[in-house]
Amino acid sequence: LQDQFDNLEKHTQWGIDVLEKYIKFVKERTEIELSYAKQLRNLSKKYQPKKNSKEEEEYRYTSTRAFLATLNEMNDYAGQHEVISENMTSLITGELTRYVQELKQERKSHFHDGRKAQQHLETCWKQLEASKRRFERDCKEADRAQQYFEKMDADINVTKADVEKARQQAQLRHQMAEDSKAEYSSTLQKFNSEQHDHYYTHIPNIFQKIQDMEERRIVRIGESMKTFAEVDRQVIPIIGKCLDEITKAAESIDHKNDSQLVIEAFKSGFEPPGDIEFEDFTQPMKRTISESSLSNSRGDGKSEPKFGGKSKGKLWPFIKKNKGAGPEDFSNLPPEQRRKKLQQKVDELNKDIQKEMDQRDALTKMKDVYIKNPQMGDAASVDHRLAELGQNIEKLRLEVQKFEGWLAEVEGRLPARTEQARRQSGLYEAQNTSTVNSCAQDRESPDGSYTEEQSQETEMKVPATDFDDEFDDEEPLPTIGTCKALYTFEGQNEGTISVAEGEMLYVIEEDKGDGWTRIRRNEDEEGYVPTSYVEVYLDKNAKGA
């Protein structure tokens, strides 16, 4: 290949181009892995339950817990793709990029040496050609001088001095020709030696180095391809574990347990209605009312009145959806649900009391320190806060007593409350229908006052207002637009609703000037949020827009 120097130069440049193309390929693969991992993480985050939301309560079921485990495993799965990207970047892209720079420098050095050897040989060739032309010229000059001398020597008219001069000139030319000959011979030997060294020593050595360089490049790209596969192979066990965990989570789903949770969550505590008795209208007799979910299950012999016939065909009065904030004592809920809500409220209030007591204890200790060491602070400065905490604790304790009373009533530990207590809690309103009044007169004493037969009426009576509400044909308020939550709002007060930042909801009532907007999440959830917390988009054709 001593005459293929240019082709070898092109081929080695092509090899470097191939290496750079492979580096670009791996780099794009790492970008794809990162993008895929990011999308997986975003997907997992998107379906994670929001804190303090209704979704979080749904994750008590085994199926939803399995889905949550799947989301967590997908997050770990995404992490393995990030590991692939990082390892490929460090072990392949970074290493090959540095190697390409070294390879370019080495290639440049080898071809520089090759060009230098070629230039040296060309210089020797030029010297040989110059020496050859000089020898040729001197030989011709010597021949002409010899012919001129012979001509002068044969001419009888030429003086002896001219002949001698021509002879000396011929001898001089012959001597110059001999010198040129010797120089040409020496230059020729030197060129042949340089040419031999060039083609048998210098160029083979340079080509061998280029060959070694090219073979190292080929080996290196092969090793990189193995690393490319090994990086993927290393994370396969971990990815397999993620998939195994997803399978394990799926196998942990217990349909019986989930069904039982639904039963526990929604059971009302009502007994199924009894059979409806036949009413014979062929003979005048008082109509009887069948036992229903509103009758006294203890069989006290006292039947409940019918509410103006409005209950016909509707024996389950507590299935009405809650269209807003309910009563404070959750009397709008079935007994079992009401008991759970009251117990939850009592637990929350006890936690609040404990927090307030912890703060009070801490301030008391701080006050003792100030008393013992006045230079650290004024003991009187915490008295106001201690008084506030005491008042808060007392208020919370009263709240606990109130809710515990309702809870005890639901659980049957206390007799049913009197009419006055019902009025105070907002659960009972006097009914103006003649049917209800006639039933109420059956329980009046001679002086016109009501008598409570507590021994026979220990069960909770159904609030008449809630009963009537079941049959109201009240339609939900129409939506007049949409809104986007600008900030997270924890709706802890009655009538408010919690929203998360960025959540889209429906607007059903504009701000009336009090700083609150009424919104709806779905058919079951609606309430008020501060107007400053949402960005409202009213429909142009909405009423009042």
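The numbers here are math on the coordinates, done by the rules we state, and not lab data. Source: prediction; values computed, not measured. Every residue, glycine as well, gets a Cβ built from its backbone with ideal geometry; the counts of neighbours run over all protein chains shown.
Observations, loosely collected:
- Debye intensity ratio in log₁₀ form over the Cα atoms of segment 481-538, taken at each q of 0.12, 0.19, 0.28 Å⁻¹: -0.21, -0.54, -1.28
- Using alpha carbons only, the radius of gyration of segment 4-258 set against its Kirkwood radius gives Rg/Rh = 1.57.
- Segment 228-272-segment 364-381 distance, computed between alpha-carbon centres (Å): 56 Å
- Segment 91-225, Cα convex hull volume normalised per residue, Å³: 87 Å³
- Note that segment 335-411 shows a convex hull volume over its alpha carbon atoms of 63 Å³ per residue.
- Ala130/Tyr199 FRET efficiency (R0 25 Å; Cβ-Cβ; nearest 0.05): 0.65
- The phi torsions of segment 219-236, fed into the Karplus equation with coefficients 6.51, -1.76 and 1.60 and a -60° offset, translate into couplings of 5, 5, 5, x, 4, 5, 5, 5, 4, 4, 6, 5, 4, 5, 5, 5, 8, 4 Hz, rounded to whole numbers, with Gly and Pro shown as x.
- Rounded Å value of the spacing that divides the Cα centres of segment 68-133 and segment 486-506: 60 Å
- Listed cross-link partners Lys27/Lys226; Lys38/Lys241; Lys267/Lys395; Lys38/Lys256; Lys51/Lys367; Lys365/Lys402 are compared with a 27 Å cut-off, the Cα-Cα value being larger for Lys267/Lys395; Lys38/Lys256; Lys51/Lys367; Lys365/Lys402.
- Scalar couplings 3J(HN,Hα) for segment 366-377, obtained by applying the Karplus form with A = 6.51, B = -1.76, C = 1.60 to θ = phi - 60°, are 5, 5, 4, 5, 5, 5, 6, 10, x, 5, 7, x Hz; x denotes Gly and Pro.
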